[in-house]
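Shown next, in structure tokens, is the structure this report addresses.
Derivation of every value follows stated rules applied to the coordinates shown; laboratory data play no part. Every value quoted in this text rests on a predicted model; they were computed, and no experiment measured them. As a convention, Cβ positions derive from the backbone with ideal geometry for all residues, glycine included, and neighbour counts pool all protein chains shown.
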Amino acid sequence: MLGSGYPVLVLKEGTTRESGRSAQEKNIMVAQAIAEAVRTTLGPKGADKMLVDSLGDVVITNDGATILKELDVEHPTAKMLIEVAKAQDEECKDGTVTSVVLAAELLKRAGELMNQKIHPTVIVDGYRMAAEKAVEVLKNIAREVKPEDAEALKKVATTAMTGKISDSFKDYLAELAVNAVRRVAEEKDGRIRVDIDNIKVEKKHGGSIKDSRIVEGVILDKEVVHPGMPKEVKDAKILLLNQGLEVKKTEFDATIRITSPEQLQAFLNEEEKMLKDMVEKIKASGANVVLCQKGIDDMAQHFLAKAGIYAVRRVKKSDMEKLAKATGGKIVNNIKEFTSEDLGKAERVYQEKVGDENMTFVEGCPGARSVSVLLRGGSEHVVDELERSFHDAIGVVGVALEDGYVTPGGGAAAVEIARELRKYAVDVGGRQQMAIEAFADAVEIVPKTLAENAGLDPIDTLIELRDAHKDEKGKWMGLNVMNGKIEDMWKLNVLEPLRVGRQAILGATEAAGMILRIDDIIAAKKGESKGGEEGGKSGDEEE
Ligand code: ADP
Ligand code: MG
């Protein structure tokens, strides 16, 4: 309307801009590409991925969160999908691939609706209604699990580990996971709370997975600093020290002129005396174990050994905090200012050879909410993947214990949700009806992908599943990927916490909605806005 015909340039030269349908199409395509990278890992029959980073380090994994974390993506839509996975991982430790695959499928179906000239706002609106309804359906089919029901909790753990750990060890690890989680569970205001950060997982390769065990206390990947120290201390009184047992070097360069051997001796004696005094002080407090966050000087090591004290140096800060919680000790910042009351307690502190390295075990701690799990397994790659799956397992058991509800896996919940949504769509009617129906179709990507990854025909499987869900009794019917049959997931022990499904639906819907509302991608020329880009990069690296 202004000077028509003259392009008005408001953006810097080199800025690329994509608008309208083309921007939307591009975003949808990017989402498909991200989902494509992980969809083949979904389910127990999913494949593993080998990730090689720029330094040549290799990770072999079936864990969606890990794969997505390693993907170095640039496109903002891709980043948003990875955020979905991250949120899923943080909220419920499981269901990451499901959430990403679902988000991508929602976008794909939305693209089809847009081709039929349905406005994105209508789609976003319909999707939101569908998501709310889907969560309601999920709640309705959920079954209650009581904290005492160890068997059900074990099933939740095994479901999360199936396909990631060989079957012969699954039960053993599920038991470990349930026991560990129960130990850290606490009741607050009538609700159960589980902070899985209170479970310390240590891994050591070598040995068999069945050598993995729970330790009531803290395990440190450390050995005593001096061979003359005791290897075991019973009835331990532990000093948690956040100060080096060494003579501080001066900050500035000072030259000390020593003119005679006597002077040198006096100087050395003075250093020795300071260290000796420190150790005397420790001994006098009644401490027989020193766990030090900083260094311990040779001379101090010698004095400690002579005093029969078990000492370890350079303990990680996070471990120090766990130790404080577990032993009831205080972290002492200045050795001059502590009393025997600051010491932590443990029934036994000892060193044990695990694989070919010595580790320190602090066992029998008064703080009930501390437990460690030592994971063992053939090679480094094995224990790494074991650790990831074990984390999923304790995560889902914790979530199931906190919320007290489980839903069926194997695509059963998805098919039930889709069925209910199709009924609901008719009630809603209008243009939203199409969006809700599209949502129903999208949810079925879960059983379809599970089938595909198991080498089954996805369409045939879906038809069988829908058929099984025709009546009330069919709610829990899902795909047993091991034999390709449609079975009752409760009987098959394939259970997931309600929260995993709910978060996947809500997270995927939210991201899809956000992406659908975009109709303009304005990107600065590469390298132009240097400050911003570098800021973004370093932010990513901190993760
Ligand atoms: P995610 O990252 O989404 O958790 P997984 O690879 O862990 O992906 O796969 C989870 C899917 O596998 C869920 O849909 C779950 O119900 C399904 N699943 C797990 N165990 C079985 C089983 N024994 N039979 C069928 N499906 C299963
Ligand atoms: Mg999983």
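What spacing in nm lies between the two simple spin-label points modelled at K306 and T339, each 7 Å away from Cα in the Cβ direction?
In this crude label model, K306 to T339 measures out at 2.9 nm.
For the stretch 221-366, compute the orientation-averaged projected area of the C-alpha convex hull (one quarter of its surface), in nm².
9.9
Nearest 0.05, what FRET efficiency do D221 and Y172 give at R0 = 22 Å with Cβ-Cβ as r?
It comes out at approximately 0.45.
Under a crude label model (7 Å from the Cα following the beta-carbon direction), how far is E132 from E347 in nanometres?
5.4
Please rank L51, L176, fewest neighbouring Cβ atoms within 10 Å first, as an exposure proxy.
The fewest-first ordering by Cβ neighbours comes to L51, L176.
For the Cα atoms of the chain, what angle does the longest principal axis make with the long axis of helix 167-184, in degrees from 0 to 90, nearest 10?
Tilt relative to the chain: about 70 degrees.
In Å, the Kirkwood hydrodynamic radius of the stretch 142-241 over pairs of distinct alpha carbons?
Across the stretch 142-241, the inverse of the average 1/r is 16.6 Å.
Under a point-charge model restricted to the Cβ atoms of Lys and Arg (+1) and Asp and Glu (-1), what is the dipole moment magnitude of the chain relative to its Cα centre, in debye to the nearest 20?
It comes to approximately 620 debye.
What do you get when you divide the Cα radius of gyration of the chain by 2.2 N^0.38 Å, with N the number of residues?
After normalising by residue count via 2.2 N^0.38 Å, the value is 1.22.
Report the net charge of residues surrounding N140, where surrounding means a beta-carbon distance below 10 angstrom and charges are Lys +1, Arg +1, Asp -1, Glu -1.
-1
For the stretch 186-283, state which GluC sites (Glu not before Pro) are in a DSSP loop and have at most 11 other beta carbons lying within 10 Å of their beta carbon.
Those satisfying the criteria are E251.
Ranked by Cβ crowding within 10 angstrom, fewest neighbours first, how are K45, K322, K231 ordered?
K231, K45, K322
Put +1 on the Cβ of each Lys and Arg and -1 on the Cβ of each Asp and Glu in the chain; which of I238, M29, S340 then has its Cα farthest toward the positive end of the dipole?
Checked the options; the winner is S340.
Given points 7 Å out from each Cα along the Cα-Cβ axis, report the V58 to M514 separation in nanometres with one decimal.
Placing both labels 7 Å beyond Cα along the Cβ direction yields 3.6 nm.
Compute the helix-to-body angle for 458-468: its Cα long axis versus the longest principal axis of the chain, expressed 0 to 90° and rounded to tens.
80
Would you mind ranking T96, T449, T255, T61 by Cβ crowding within 10 Å, fewest neighbours first?
Ranking T96, T449, T255, T61 by Cβ neighbours within 10 Å, fewest first, gives T255, T61, T449, T96.
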